[in-house]
Amino acid sequence: MRSGKSSSRLTRLPGRQTAAKPEREEFGNLSLDWRKRAVFVADLEPSQMNRFDCRLEKLDKRAAPQLKPVGDSITLKTADLEVSVNTRTGLIDTYRVGGVDYITGRAFEPLVIKDNEDPWGMTSHSFRDVEGSFKLMSAEDGTKFSGVKAVIPSVRVIEDGAVRAVIEAVFEYGRSAICQRYMLPKHGTEIEVHTRVHWNEKDRMLKLSIPTTASPLQGGRGGLPRPNRLRGARTALQRRRGRGAEVDRRGNRRRPRADLHQRRHLRLRLLR
């Protein structure tokens, strides 16, 4: 029984039912029958084991996503959250929580920064010279990159259910490509952004651009970065930055670094 034609019913002892949704088992187009993947939201009881029982129910066909493009955007709106993804750019234009906007548009844009051949950056204190940015693929190129036969849009809803919606966008730059997914919850306000990079650029760095409306961001030790670090230099930002990891030229995973542009524009380094 394939997860694409099944529904998950998840219960928690002593029998309280929890909203759940099956999703594709793999990040690909191959349907696998020997493993199942379901997502659900639950509050864990402290200082004890938490048990959840999951059962699969066979469906005649997979339910079509209810979240659809309207005009030039795909918008998810709940009681607490509103997120809008632009179908022309593939970027998030609106992230609104409780009626308050937290970005100014074009969020999570992959930027290509001029770099050098020194993997340690011994003579550099900042990397701020933007060479260009990834652009949304055409429908034909995006279909070929995605490995499917029927032509599909380069911004599409790939999952939609009671727990969350997942919007996928594919980008290109030079000889490189990116598949970016936005995980948007139906309950709560925390979104996830997964960026999968096919990197083939030489002496270039990749950063993720997040223009915020927040007050000046804080540095790694709780205080504001030094003034010279507010003009594009690298700095460690922790209190207002999400989780993630980067890979350097030696294949090492490490905590990502970022720079601030005009004190509100966060540019998170992904790789170099």
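Derivation of every value follows stated rules applied to the coordinates shown; laboratory data play no part. None of these values were measured; they are calculated from a predicted model. Don't worry about glycine lacking a Cβ; one is built from the backbone with ideal geometry, like all the others, and counts go over all protein chains shown.
Val170: net charge of surrounding residues, Cβ under 11 Å, Lys/Arg +1, Asp/Glu -1, itself excluded?
So the environment of Val170 carries a net charge of +2.
Based on alpha-carbon centroids, what's the gap between the range 108-128 and the range 146-206 in Å, whole number please?
24 Å
Would you mind checking which residues have amide H under 5 Å from Thr94's amide H? H placed 1.01 Å from N; only 5 or more apart, or other chain.
Residues meeting the amide H criterion: Ser84.
Residues of the range 104-128 with the amide nitrogen closer than 16 Å to a label point 7 Å from the Cα of Asp203, along Cα-to-Cβ, please.
Under cut-off, by backbone N: 113-124, 127-128.
Could you list Thr104, Thr143 in order of exposure, starting from the residue whose Cβ has the fewest other Cβ atoms within 10 Å?
Thr104, Thr143
What does the convex hull of the alpha-carbon atoms of the range 82-154 project to on average, in nm²?
7.8 nm²
Can you give the local net charge around Ile152? Use residues other than it whose beta-carbon is closer than 11 angstrom to its beta-carbon, Lys and Arg +1, Asp and Glu -1.
+1
Residue by residue through the range 96-105, what is 3J(HN,Hα) from phi via Karplus (6.51 cos²θ - 1.76 cosθ + 1.60, θ = phi - 60°)? Round to whole Hz and write x for glycine and proline.
Once θ is set to phi - 60°, the couplings for the range 96-105 become 10, 10, x, x, 10, 7, 10, 9, 9, x Hz.
Tabulate in residue order the Karplus-calculated ³J(HN,Hα) for the range 49-54, using 6.51 cos²θ - 1.76 cosθ + 1.60 with θ = phi - 60°, rounded to whole Hz; enter x for Gly and Pro.
These are the phi-based 3J(HN,Hα) values: 6, 10, 10, 10, 9, 10 Hz.
So for the range 61-150, averaging the separation of alpha carbon pairs under 8 Å that are six or more residues apart and normalising by length, what relative contact order in percent results? Present the calculation step by step, with values, prior to reporting the outcome.
Working: 110 pairs, mean separation 14.4, N = 90.
Averaging sequence separation for qualifying contacts and normalising by length gives 16 percent for the range 61-150.
Taking loop as defined by DSSP and a crowding limit of 12 other beta carbons within 10 Å, which trypsin sites (Lys or Arg not before Pro) in the range 121-193 fit?
Loop-located and lightly packed - Lys149, Arg175.
Per residue, what volume in Å³ does the Cα convex hull of the range 90-218 take up?
Taking the convex hull of the Cα positions in the range 90-218, it is 137 Å³ per residue.
So which GluC sites (Glu not before Pro) in the range 31-125 are both in a DSSP loop and have at most 15 other Cβ atoms within 10 Å of their Cβ?
When the GluC sites (Glu not before Pro) of the range 31-125 are filtered for loop state and at most 15 Cβ neighbours within 10 Å, Glu117 remain.
Please list, in chain and number order, the residues 5+ apart from Thr87 or on another chain whose amide H is under 5 Å from its amide H, with Hs placed from the backbone.
Ser73, Ile74
Amide H of Phe108 versus every other amide H placed in the peptide plane: which residues, excluding those fewer than 5 positions away on the same chain, fall under 5 Å?
Ser209, Ile210
Which of the chymotrypsin sites (Phe, Trp or Tyr not before Pro) found in the range 112-214 are in a DSSP loop and have at most 10 neighbouring Cβ atoms, other than their own, within 10 Å? Walk me through the intermediate numbers first.
Working: sites: Trp120, Phe127, Phe134, Phe145, Phe171, Tyr173, Tyr182, Trp199; in loops: Trp120, Phe127, Phe134, Trp199.
Filter output for the range 112-214: Trp120.
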